[in-house]
Amino acid sequence: MSRARVARRIAAGAAYGGGSIGLLGAAAVGVLLAEVQLAKRTVGGGVAPLPPGADGLYGRSFETTDPASPPLRLALLGDSTAAGQGVRRVGQTPGALLASGLAAVAERPVILRNVALPGARSDDLERQVSLLLAAPAGPPDVCVIMIGANDVTHRMSATESVRLLAAAVRRLRTAGAEVVVGTCPDLGTIEPVYQPLRWLARRVSRQLAAAQTIVVVEQGGRTVSLGDLLGPEFAANPREMFGADNYHPSAEGYATAAMAVLPTVCAVLGVWPETDRLEPDRHENMLPVAKAAAEAAKEAGTEVTGARAPWALLKHRRRRRLAEPPPATPEPTPSPEEAHRP
């Protein structure tokens, strides 16, 4: 069965309350259990630091008293990838990178709020969305959701996973927020995972990513395929792209992910210089949603956005290299002589 058909079946099961789709034959279970135990002993050999808090105002140089240009409000939801677990500096987290990048492109300050929780699965999205919508400032202008890896590793059914994601996107869109979802990463890129578990992890995570794309587009959101966390760098340089625990991304890995998500975040707010016009020379196309979802799952960094139902746009936006946001510089304390100098 093609990945597009599997993704459509998963999405349909989520919509109509169907059960999960079995992906494994019974004969493979014994081998896979042995591989899982080996992977558990290898993955996580190091210790991933807790994510630093990155909430706050970015792009202060763009502050203005003009009431027509208030700060943009950006929110991150999801799991440890959205939270930034694995790095120690605020400026290395995906939230800080996206907020500073959005401020630079829009030339407006950006207020970031990150409610993502390390270890979260899709069943935590309801709580996270409620936190955001209960804020006195109102719903964010744009929300970025990164979720799915823990659903796979904790064997949550794919239909339940996408049903919960669809509900979260629907609540945010109803409240007036734009939504960009970084779909389930390709767990087959985790270096210590061996065959056949690597093949299975890749297959299951890509099927979930495709199903996520279908339900998100149907709810009016956009998706960006995280795939192998956005580029061949993970396959070519796993020691650089993964953090100390060989599981969470490193600072370079988060920068690569944020660099791919940023164009879509800017596009939904109308501040990206490119339009949604298709560029055939970049292998962009208009496809049925399920087909576009399957194609995006195969190529990291691919954006899918809804068009005329049941069609969707498949885009490869040009990325911009992101610089780490500079740390806040305190005001210097004047000397007594300078304090009394006119």
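In region 74-93, how many are crowded, with 24+ Cβ neighbours inside 10 Å and part of a helix (DSSP H, G or I)?
Number of matching residues: 4.
Under the condition of being hydrophobic (A, V, I, L, M, F, W, C) and in a helix (DSSP H, G or I), which residue from region 262-283 is farthest from V105 (Cα to Cα)?
Checked region 262-283; the qualifying residue farthest from V105 (Cα to Cα) is V268.
So, in region 105-133, how many residues would count as being modelled with pLDDT of 95 or more, aliphatic (A, V, I, L, M) and open to solvent by 50 Å² or more (accessible area, probe 1.4 Å)?
3
Could you look through region 134-150, keep only residues that are of a type outside the set (A, V, I, L, M) and farther than 24 Å from G86 by Cα, and pick out the one that is surrounded by the fewest Cβ atoms within 10 Å (Cβ to Cβ)? Don't jump to the end; show me each part of the working.
The initial filter retains those residues of region 134-150 that are of a type outside the set (A, V, I, L, M), namely 136, 138-141, 143, 148, 150.
So of that shortlist, the ones also farther than 24 Å from G86 by Cα come out as 136, 138-141.
Working: P136: 4, G138: 12, P139: 20, P140: 25, D141: 21.
Here the residue is P136.
Quick one: in region 264-282, which of the residues that are without any contact (Cβ under 8 Å) to a residue 60 or more places away in the chain and in contact with a Ser or Thr (Cβ under 9 Å, 6 or more places away or on another chain) is least open to solvent (accessible area, probe 1.4 Å)?
A267
Working only within region 196-225, note down all residues that are touching a residue at least 24 places away in the same chain (Cβ under 8 Å) and among the basic types (K, R).
Selection gives R203, R206, R222.
Show the residue pairs meeting these rules: Cβ distance below 6 Å; 6+ apart or different chains; first residue within region 294-315 and over 18 Å from L262 (Cα atoms); second residue modelled with pLDDT under 85 and open to solvent by 10 Å² or more (accessible area, probe 1.4 Å).
Short answer, once both residue conditions are applied: A294/R3; A294/A4.
Which one is surrounded by the most Cβ atoms within 10 Å (Cβ to Cβ), of the residues in region 151-166 that are under 16 Å from I214 (Cα atoms) and over 17 Å from the mean Cα position of the chain (by Cα)?
A158
Which one of the conditions (1) modelled with pLDDT under 65; (2) of a type outside the set (F, W, Y); (3) touching a helix residue (DSSP H, G or I) at 6+ places or on another chain (Cβ under 9 Å) does L76 fail to meet, given that it meets all the rest?
Unmet for L76, out of (1) modelled with pLDDT under 65; (2) of a type outside the set (F, W, Y); (3) touching a helix residue (DSSP H, G or I) at 6+ places or on another chain (Cβ under 9 Å): (1).
Kindly list, by first and then second residue, each pair from a residue in region 56-67 that is among the aliphatic types (A, V, I, L, M) to a residue that is modelled with pLDDT of 95 or more and open to solvent by 50 Å² or more (accessible area, probe 1.4 Å), limited to pairs with Cβ atoms under 6 Å and residues at least 6 apart or on different chains.
Between residues of region 56-67 that are among the aliphatic types (A, V, I, L, M) and residues that are modelled with pLDDT of 95 or more and open to solvent by 50 Å² or more (accessible area, probe 1.4 Å), the close pairs are L57/I111.
The values are calculated or read from the model by the stated rules, or taken from the named source; none is laboratory data. Computed from a predicted structure; not experimentally measured. No Cβ is skipped: glycine too gets one built from the backbone with ideal geometry, and neighbour counts run over all protein chains shown. For accessibility, only protein heavy atoms count, side chains too; no ligands or nucleic acids. Shrake-Rupley method; radii C 1.70, N 1.55, O 1.52, S 1.80 Å.
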